[in-house]
Amino acid sequence: MSVVSRQPGGTRGNSLGGLMQVRGILGGIVADLGRRVVAGEWKSGETLPTEAELMAELQVGRSVVREAMRILNAKGLVRSRQMEGTTVMPRANWRLLDPDLIQWRIEAADKKTLLKDLLQVRLALEPGVVWIATATGSDEAKARIHAAWKAKTDVLTESSSPQEQRDHFITHDLEFHRAFLAAVGSEILEQLFSVIEAALSLMIDGQMQARGSTTTLVGMEETNQLHQDVYDAFAAGDADKAERAMRYLIQRAIIDANEGFALSE
């Protein structure tokens, strides 16, 4: 294994993850070892290399290896004990909502399983969020949703490169969903947006693969119309209809994403 990259930002600061922001060499070590655990290089119950072996392989000091193991332990990936070394914990112990774990699962080619899990979370969560936002959202919160929708639809007619248009579409699509979560006024729900964000990004990739393009918005008219249905019901103040529209949107997204990943296999 080559020496890990010294690029900053291996582990991101995020209240959902519950960890301090880690950057630099330590962040790179945490990310490297975390990815390898998630990818199955070491199976559940197996022992990781010793401190001395990791120090030699990664070319870092003992304190860095120990701190990395402490962070991975906090994420539920490993457990360190004297005389036993560091062992990989079962997946049931992993903090699966941790943003780093979500990213590492994506990088470990676990997209299909991860997407299924994330979309089920969305299906259970977002229709109710839209209902609450429509029925009880403040004027300020609703104004944010209106603005997010306008920005999202403006992307479809902007004069930019296909890649830029795709990137802008994803950015404003995420803001549209984020605005509904914010309208509920729940800090817990807002912190769960990292789960929704990961699901949306993976879903859009899957939808575009199903339509034969990963760099343009080819064939995205249908999904935009489904979002239009959600917005129209919200704008009309019909919470029940908005809830149904969001549920159908996510159900269609599950079908599209599965088709996209099937084509890529």
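Residues that are assigned to a helix (DSSP H, G or I) and either outside the structural domain of residue 190 (by TED's automatic domain parsing) or farther than 24 Å from residue 248 by Cβ (or both) within segment 114-146 comprise 139, 140, 143, listed in sequence order. Could you tell me whether residue 39 is touching a residue at least 40 places away in the same chain (Cβ under 8 Å) and not assigned by TED's automatic domain parsing to the domain that holds residue 233? Criteria met by residue 39. Residue 130 falls short of the stated requirement of being in contact with a helix residue (DSSP H, G or I) (Cβ under 7 Å, 6 or more places away or on another chain) and either free of Cβ contacts under 8 Å to residues at least 24 places away in the same chain or over 30 Å from residue 182 (Cα atoms) (or both).
From 118, 114, 123, 101, which residue is modelled with pLDDT under 85 and touching a Lys or Arg at 6+ places or on another chain (Cβ under 8 Å)? Explain how you work it out, then say what you get.
Numbers: 118 fails: touching a Lys or Arg at 6+ places or on another chain (Cβ under 8 Å); 123 fails: modelled with pLDDT under 85; 101 fails: modelled with pLDDT under 85.
None of the others qualify; the one that does is 114.
Can you give me the ranges of the helices (runs of 4 or more DSSP H) entirely in segment 14-110 with at least 3 residues that are surrounded by 15 or more Cβ atoms within 10 Å (Cβ to Cβ) and in contact with a Leu (Cβ under 8 Å, 6 or more places away or on another chain)?
Values: elements: 24-38, 51-58, 62-74, 99-107.
The qualifying helices (runs of 4 or more DSSP H) are 24-38, 62-74, 99-107.
For segment 180-187, indicate whether the set of residues that are part of a helix (DSSP H, G or I) and modelled with pLDDT under 80 is non-empty.
Just the residues of segment 180-187 that are part of a helix (DSSP H, G or I), to begin with: 180-184, 187.
From what is left, the residues that are modelled with pLDDT under 80 are none.
No, the conditions are met nowhere in segment 180-187.
Against the conditions (1) acidic (Asp, Glu); (2) free of Cβ contacts under 8 Å to residues at least 40 places away in the same chain; (3) crowded, with 17+ Cβ neighbours inside 10 Å, residue 154 satisfies every one except (3).
Filtered by the rule that a residue be touching a strand residue (DSSP E or B) at 6+ places or on another chain (Cβ under 8 Å) and among the hydroxyl-bearing types (Ser, Thr, Tyr), segment 41-85 gives 44, 47, 50, 80.
The values are calculated or read from the model by the stated rules, or taken from the named source; none is laboratory data. This is a predicted model, so every value here is computed, not measured. For neighbour counting, all protein chains shown are included, and Cβ atoms are generated from backbone atoms with ideal geometry for every residue, glycine included.
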